[in-house]
Every structure is written in structure tokens, then in C-alpha cells.
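J.: Starting off with a structure, shown below.
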Amino acid sequence: NILILHPESDTSPALIKMKKLLFVLTLLAALSAKASISSTDTIPGAFSSPMQWRVGVELSPAYVAPTNSFLTGDNIYAHPVHAAMSASLRTDFCFNPKSEKGMLYHGLYQGIGVDTRTFFSSRLLGTPVSAYVYQGAPFKHFGSRLWLGYEWRFGAAFGWRDRSGDRDAGFLNSAISTRVTAHMGLGLKLTYALAPRWQLSLGFEATHFSNGNTSFPNSGINTIGLSFGASYVFNRIQYAEAPDYMKQDADRPRWLLDILAYGAWRKRHVIIEEIETLLPGTYGVGGLQLSPMRKINRWLTAGLAIDMQYDRSAGLGPYWQGGYYDEASFSRPPFGKQLRIGTAAVAELTMPIFAISAGLGYDLLSPHGEMRFYQMLTVKAFVTDNIFLNAGYRLGNFKDPQNLMLGIGARIYR
């Protein structure tokens, strides 16, 4: 049998069935294509497999800068401290190379490490052990096997021989006066892929140890040196190039506001009748910082900070009632006499998980006798995209410790 279809016979049963069949097939094809596109466009999470993991060791000889008399030989043994050596064990990871963060931040790594350090004079300084987090990334490639990158470290060093130790060694330690200090480091690294799973590195680094003025004396220790490292790569990964729309969105300028609340404790010197007096005990510090900033691209953010800080040890000089040193007494100054209000220019290296921020500021309102020019260096660890933990340090005139900045903050995007 031959069925002849005419244009006007649109209502024939055979044609209706054919149209239905074509509609179903077209719908299935569309759904299949959509599923295929969705599958292709699905971007894995930054912490999903595969991620590149490394474990490595480093050896770091360093020169100890003579920044205070204790290190130059003004100690009970008349022994100068000029050199240091540390050995580190580290492990870190890179994001999934096909994730958004993996494609936008090629080679970015972050991890944890421990090191032990000798200053070749354990009777004066001890042999501190540090635990720290670190992050780094390449910024210049010389082919596929050689690249230059940066790395920062932030953590704590334990086991210093401080002034509370034995009287013949630690009591006169004017460089470090606590058994635990902050450990901060910054360096450049040249890395060479010796084999698919082995990497060698040569670096230049600077390290600072300080207790953040939580105890006195607090001259601190600074070292400058080299680092020699070897790492084993557990699963080498190949990075995918980020699509243009992803780059454009990541580099899109936008405004943001950081709100930070912090606190700390500190020691305080006061000049009483031309006599420098170390006050007994410690004093609380609390602050609030509002930072309207402009995100310039995926790496750099800059703007201003409005700083408000209350310091219970500030402005005490005019309120002295008598006594010196441990017997000094003061009446309580009014709240406004112990308050700082200042503004600072800030710049931030903004990376996944961590951001490093530096600021130069000036106090418009300052307690009696306080330095107005101040500097800040902080590390922000983002718990979520909008909440971060803050660990920072505030100095006066680039050299005088003021206080730590330990707190929590919120980042609001416009």
C-alpha cells in the first residue's frame, strides 16, 4: 500500500503520528545535547581530586643581622651571634587543575611546615622549633622545567631561651624575652623540575622573629639567607587554561569593604621625670578597622583603612601618681585620652585562602606621647568567601613594636 500525502491533508492520522515521533526525537536530542553541554561545562571544586601533593625538605643557612647589642656580643658570655642554620620538613598542595581556582592561579601552592633552627649558641638563644603555614606561586617561567616564584611563611617559634630561664644565660636576653614568638618569612625561589616527580629549589629569604611587644625586652631577631630544597611530587598535574569569560570575571574591578575587630595584649614603657620605666603587668588593646578597597584584578587589592584603637597603656604619663618601675601608680585616664583614630593606605596580595596586607598610616587623633606614623602587616585566612581570621602586627616609625592584631573580620562585596 502506498500512502500519498497532500499538503492539505494535515490532519491525516499518519502525519500526526509522524509529527509526534519527530517532536519526541527532537526533544530527546535537545535533552541529550543539554546534558552533554552541562557535563562538559561542569567545573570541579578546587579541593576535588586530582590535586598535586608534594613533600620536601629544606636547608637554610643565614646571616643574623646585628640589630641589637645582645646579638653583637653584649651578653653574659660576650659572644656575638652572626649566623643561623635551619632544617625544614614541609608538605603542600595545588588545587585541582580543572577547577576555577586551579585554572586562574597556575602553580599556586599552600601547606604547612616545621623547622628547627640553631644560632650556634644554644646557651644564649636556645634551639627554637617553628610550625608555620606558607603559600607561594610562580610568576616567571623559563621554559617548562624552570620557574621563579615567591613564598611567604607565618607561624610560631617555640623553645627560645628567654629571660625567665636560668640566671646565668637567659636573664640578660634582650633579643627574645618569651619562650614563644611569631615567625614571619618572605622569599624568592628558583625551582627546577629535575624529573617528573622530583623538584629542586634555590631561594633567597628573610625571616623575622618577634613576640609582638607582648613581653619586654623585644628587640627581635632578623635573618637573611639562602634556602636549598628538594621535593617529591606525588601526582604531577597539567594545568588547563582558563576560558576568557572566567578571566574577565576574575579580573573585573569591584569595590569591597573589610570590617575587622581585633585584640591583643602588650607591655609598656613610660617616661617618668626623664626616667624610662617598664610598667608591671600587661595591658589590653582592642581595635576596629574599616577598609574600603578596590579589587584591581584577581591578585591585587588596594584602598584605605580607617583605624580606631583603644589601648589601656596609652597616654599614662600625665596621670602618674608616684613611684617608679614596679611601684609606679597612675590614675585612670578618660576613655578618649587612650583612643587612636587614624587612616592608612593599604595594598593586598589577594590569593585563594590567604591574603597578605600591608599598610602605611597616620594617627589623626593620638594619646599623649604616642607616635603618629604607623605601619601594619597582616595575614588574612579566609574561612569562607566572606569571613576571615586575622593575624597582624603594628609598628611605629618602621622599628618600634606596638601591638599584635589578632581578630576576625568580614569582607563585603559590592
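J.: Of all accessible surface on region 185-227 at a 1.4 Å probe, what whole percent is carbon and sulfur?
T.: 76 percent
J.: For the chain, what does -39500 (n - 2.57) per DSSP helix run (n ≥ 4), summed and divided by total residues, give at 222 nm, in deg cm²/dmol to the nearest 500?
T.: Using -39500 (n - 2.57) per qualifying helix, the result is -3500 deg cm²/dmol.
J.: Further question on the same structure: Can you give the percent of C-alpha pairs in region 57-146 whose distance is more than 21 Å?
T.: When every Cα pair of region 57-146 is considered, 52 percent fall beyond 21 Å.
J.: Between L288 and F47, what FRET efficiency follows from the Cβ-Cβ distance if R0 is 22 Å, with the result rounded to 0.05?
T.: The pair L288/F47 has a calculated efficiency of 0.10.
J.: Something else now. Does anyone have the angle between helix 13-41 and the longest principal axis of the chain? Alpha-carbon axes, 0 to 90°, nearest 10?
T.: 20 degrees
J.: Next question, about the same structure. Over the Cα atoms of region 182-325, what Rg and Dmax result, in angstrom?
T.: 23.9, 71
J.: If you roll a 1.4 angstrom probe over the protein chains with everything in place, what fraction of the accessible area of region 42-130 belongs to carbon and sulfur, to the nearest %?
T.: Answer for region 42-130: carbon and sulfur cover 66 percent of the accessible area.
J.: How compact and how long is region 53-210, expressed as Rg and Dmax of its alpha-carbon atoms in Å?
T.: Considering region 53-210 through its Cα atoms, Rg and Dmax are 18.4, 59 Å.
J.: Please report, as a whole percent, how much of the solvent-accessible surface of region 323-414 comes from carbon and sulfur atoms (probe radius 1.4 Å).
T.: Carbon and sulfur together cover 66 percent of it.
J.: Figure the gain on full extension for M371 and F93 (residue separation times 0.36 nm, minus the Cα-Cα span) and round it to one decimal in nm.
T.: Extra length from M371 to F93 when fully extended: 95.8 nm.
J.: Could you calculate the contour length gain from Y239 to T127, that is, 0.36 nm times the residue separation minus the distance between their Cα atoms, to one decimal place in nm?
T.: Here the answer is 36.2 nm.
J.: Grab the beta carbon distance between I353 and F398, set R0 = 35 Å, and tell me the FRET efficiency rounded to 0.05.
T.: The computed FRET efficiency comes out at 0.75.
J.: To continue, here is another question. Exposed loop sites here are GluC sites (Glu not before Pro) in DSSP loop states with at most 13 other C-beta atoms within 10 Å. What is the longest stretch of the chain lacking them?
T.: 9-240
J.: Which ³J(HN,Hα) values, rounded to whole Hz and listed in residue order, are derived for region 177-186 from phi using the Karplus coefficients 6.51, -1.76 and 1.60 in 6.51 cos²θ - 1.76 cosθ + 1.60 with θ = phi - 60°, glycine and proline given as x?
T.: 10, 9, 6, 10, 9, 6, 10, 10, x, 8
J.: Kirkwood Rh, the chain, all Cα pairs: how many Å?
T.: 25.2 Å
J.: Show the residues, 5+ positions off or on another chain, whose built amide H is closer than 5 Å to the amide H of W198.
T.: The list, which skips near neighbours in sequence, is V233.
J.: A follow-up question, please. Taking the Cα atoms of region 329-414, what is the range of coordinates along each of the three principal axes, in descending order and whole Å?
T.: Largest first, region 329-414 extends 47, 26, 24 Å along its Cα principal axes.
J.: Quick check for you: with a 1.4 Å probe and neighbouring chains kept, what is the accessible area per residue of the chain, in Å²?
T.: 51 Å²
J.: Which one of Y262, G149, I224 is farthest out on the positive end of the charge dipole of the chain, using unit charges on Cβ (Lys, Arg +1; Asp, Glu -1) and the Cα centre as origin?
T.: After comparing all options, I get G149.
J.: Past 21 Å, Cα to Cα, is the threshold; run K140/K247; K189/K380; K140/K399; K140/K295; K98/K247; K247/K380 against it and keep the listed order.
T.: From K140/K247; K189/K380; K140/K399; K140/K295; K98/K247; K247/K380, over 21 Å: K189/K380; K140/K399; K140/K295; K247/K380.
J.: Go through G396, M184, L279 and say which Cα lies farthest out towards the positive end of the charge dipole of the chain; charges sit on Cβ, +1 for Lys and Arg, -1 for Asp and Glu.
T.: Result: M184.
J.: May I pose another question? E276 to E327: extension gain in nm, 0.36 nm per residue of separation minus the Cα-Cα distance?
T.: Difference between extended and current length: 17.0 nm.
The values are calculated or read from the model by the stated rules, or taken from the named source; none is laboratory data. Computed from a predicted structure; not experimentally measured. Reconstructed Cβ throughout: ideal geometry from the backbone, glycine too, with neighbour counts over all protein chains shown. The accessibility values were calculated without ligands, DNA or RNA, using every heavy atom of the protein model including side chains. Shrake-Rupley method; radii C 1.70, N 1.55, O 1.52, S 1.80 Å.
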